[in-house]
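Only the coordinates and a few stated rules stand behind these numbers; no lab work does. This structure is a prediction, so every number in the text was calculated from the model and none was measured. Cβ placement follows ideal geometry from the backbone for every residue including glycine, while neighbour counts extend to all protein chains displayed.
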Amino acid sequence: MTEALLTGVPMVMMPGWMDQRTNASLAEALWGVGVRADEGADGVVEAAELRRCIDLVMGDGAKGEMIRKRAEEWREKAAAAISDDGSSTKNMDAFLKGLL
């Protein structure tokens with residue numbers, strides 16, 4: 001997921017277990033960078049559902065356009081955070097200085 005956010009790639013998510021379910025919920029509902037594929041009654045994502053999700057994310061519809069726009073916005077935020085004067089860089093520098 002981190003790589004997708006860093007590169008601005010919209011996501012079709014099929015979470016398996018542990019933190020994947022939370023991450024998928026955040027990515028879809030809060031961050032708006034993807035869509036979660038629904039599992040069938042047997043817990044398996046069917047081909048038609050996967051196709052629906054891919055078409056939604058990559059298609060010309062308003063939701064797909066919004067997902068792609070939000071993915072690009074997150075790419076820009078991530079790039080700013082890891083730049084020389086970005087928040088991630090500053091936090092890592094402060095952490096390392098605290099160890100010394």
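So, in region 72-100, exactly how many residues are in a helix (DSSP H, G or I) and either among the charged types (D, E, K, R) or in contact with a Phe, Trp or Tyr (Cβ under 9 Å, 6 or more places away or on another chain) (or both)?
First pass over region 72-100, keeping only residues in a helix (DSSP H, G or I): 72-81, 87-99.
With either among the charged types (D, E, K, R) or in contact with a Phe, Trp or Tyr (Cβ under 9 Å, 6 or more places away or on another chain) (or both) added as a condition, the list becomes 72-77, 90, 93, 97.
Going through region 72-100 one residue at a time, the tally reaches 9.
Consider A94 carefully, then state whether it is in contact (Cβ under 8 Å) with a residue 40 or more places away in the chain and aliphatic (A, V, I, L, M). First the steps, then the outcome.
Numbers: in contact (Cβ under 8 Å) with a residue 40 or more places away in the chain: no; aliphatic (A, V, I, L, M): yes.
In short, no.
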